[in-house]
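What follows is calculated from the coordinates using simple rules that are stated; it is not laboratory data. As the structure is a computational prediction, the values presented were derived from the model and not from experiment. Note: ideal-geometry Cβ built from the backbone for every residue, glycine included; neighbour counts use all protein chains shown.
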Amino acid sequence: ILQGLDGRHVVLVGLMGAGKTAMGRVIASRLGLPFIDSDDEIEAASTMTIPELFENYGEGEFRDLERRVIARLLGERQRVISLGGGAFMSAETREAIAAHGFSLWIDADLDLLFSRVSRKPGRPLLQNRDPKGTLARLMEQRYPVYGKADLRVKSEELSRDAMAGKMIEAMA
Ligand code: S3P
């Protein structure tokens, strides 16, 4: 599979709560590649948390920084990269991924996403009265774009390991 990837990164795409980070870690360890999360890199580069960035600079600035950080990561050594949920909405980022990566969209349904994000609060886009409605709107806006990923994987009631196995098989 590594040969088939030919040095390209494996890039995980999907909404908040889809399980990009967890799946990314499993895939990375199976492929023997390092794992990195774009949100973590943004926090390290800015020395601020994602909520602080949104609060102090707004979403627009966050998106600029996100684009730059991901462009840098794509220029570095081969890795499994988990993207923040909004990152793939940038055409520039999608082009860079098409050139340097293989993108996997983890497609999850609303109830699963909502139950997962409820367990880990603090996401700036969901700090409102109707986080579930927000997620539903984001699904509508983003799923057509996520559909441009190289591969769509339905999040299923499978163990992480079993799901990672299916993804790796599909990439081969
Ligand atoms: C966002 C998703 C978050 C983070 C930021 C914005 C989004 O990442 O980048 O809060 O626009 O969907 P996760 O998808 O890792 O939660």
How large is ³J(HN,Hα) for each residue in segment 71-87, as worked out from phi by the Karplus curve 6.51 cos²θ - 1.76 cosθ + 1.60 (θ = phi - 60°), to whole Hz, x for Gly and Pro?
4, 5, 4, 5, x, 8, 4, 4, 8, 9, 10, 9, 9, x, x, x, 4
Value at 222 nm in deg cm²/dmol, rounded to 500, when DSSP H runs of n ≥ 4 in the chain each add -39,500 (n - 2.57):
-18000 deg cm²/dmol
Taking amide H atoms as placed 1.01 Å from N in the peptide plane, list the residues 5 or more away in sequence, or in a different chain, whose amide H sits under 5 Å from that of residue 79.
9, 10
Please work out the ratio of the alpha-carbon Rg of segment 2-166 to 2.2 N^0.38 Å and round it to two decimals.
0.99
Tell me, 62, 88 in order of fewest to most beta-carbon neighbours within 10 Å?
62, 88
Applying a 10 Å radius around every beta-carbon, put 52-59, 66-73, 97-104, 78-85 in order of their mean neighbour count, most first.
78-85, 97-104, 66-73, 52-59
Under 15 Å from the residue 109 label point (7 Å along Cα→beta-carbon), backbone N, segment 136-161
136, 154-158
Filtered GluC sites (Glu not before Pro), segment 84-172: DSSP coil and at most 14 other beta carbons within 10 Å:
156, 157
Give me, ordered by chain and number, the residues 5 or more places off residue 105 or on other chains with an amide H under 5 Å from its own placed amide H.
13, 151, 152, 153
Inter-centroid distance (Cα atoms) of segment 81-116 relative to segment 49-80, Å
14
Considering Cα pairs under 8 angstrom that are at least six residues apart, work out the relative contact order of the chain and quote it in whole percent.
36
Please give the direction-averaged projected area of the C-alpha convex hull for segment 1-62, in square nanometres with one decimal.
5.2
Pairs from 20/132; 120/148; 120/166 whose Cα-Cα separation, in the structure shown, is over 22 Å:
120/148; 120/166
Can you grab the distance from the C-alpha centre of segment 20-36 to the C-alpha centre of segment 117-172, Å, no decimals?
16
Efficiency by 1/(1 + (r/R0)^6): what FRET value for residue 68 and residue 151, r their Cβ-Cβ distance, R0 = 25 Å, to the nearest 0.05?
0.45
Taking 0.36 nm per residue of sequence separation and subtracting the Cα-Cα distance, how much length would be gained by fully extending the chain between residue 30 and residue 140, in nm to one decimal?
36.4 nm
